[in-house]
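Peer 1: Got a structure for you, questions after.
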Amino acid sequence: PDEGGSLTEAAKKAYEYIVKNWVVENADGTMGWEGTVVVGSLDTTGDFDYYISQPVDLNDLKGLAAFVLASLEYEML
């Protein structure tokens, strides 16, 4: 249990940060998700320098799917 609600408040704050920084509103009223790297390769060292050098994509499912699941959890708070 989350006595005092501190965990719930932290989760809400984190979700709001995600929305503010990675969700974009499209002109047609839909939303987009930006900032997910295009690749998820295990063929490299996978270090920080590798990932920051990779291109990012709009609505890449690796990021978008995680956001949808987080949104479902947020709605239950």
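The values are calculated or read from the model by the stated rules, or taken from the named source; none is laboratory data. What you see is a predicted model, and the numbers here were worked out from it, not measured in a lab. Virtual Cβ from ideal backbone geometry, glycine too; neighbours counted across all protein chains shown. Calculation scope for accessible area: heavy atoms of the full protein, side chains included, ligands and nucleic acids excluded. Shrake-Rupley method; radii C 1.70, N 1.55, O 1.52, S 1.80 Å.
Peer 1: Over the chain, what is the relative contact order in percent, taking alpha-carbon pairs closer than 8 angstrom and at least six residues apart?
Peer 2: 29
Peer 1: Once you place label points 7 Å from the Cα toward the Cβ at E34 and E16, how far apart are they in nm?
Peer 2: 2.3
Peer 1: Also, I was wondering about something else. What shape does the chain take by its C-alpha gyration tensor, where a ≥ b ≥ c are the square roots of the eigenvalues and a/c under 1.5 counts as rounded, a/b above b/c as prolate, and the rest as oblate?
Peer 2: Cα axes put the chain in the oblate bin.
Peer 1: Rounded to a whole number, what % of the accessible area of the range 25-76 do carbon and sulfur atoms account for, probe 1.4 Å?
Peer 2: Its accessible area is 61 percent carbon and sulfur atoms.
Peer 1: Still on this model: Which angle from 0 to 90°, rounded to the nearest 10, does the C-alpha axis of helix 6-22 make with the longest principal axis of the chain?
Peer 2: 40
Peer 1: Next up: Roughly how many Å² is the accessible area per residue of the chain, as a whole number, for a 1.4 Å probe?
Peer 2: I get 77 Å² per residue for this part.
Peer 1: On C-alpha positions alone, give me the angle between the axis of helix 61-75 and the longest principal axis of the chain, in degrees, nearest 10.
Peer 2: 0
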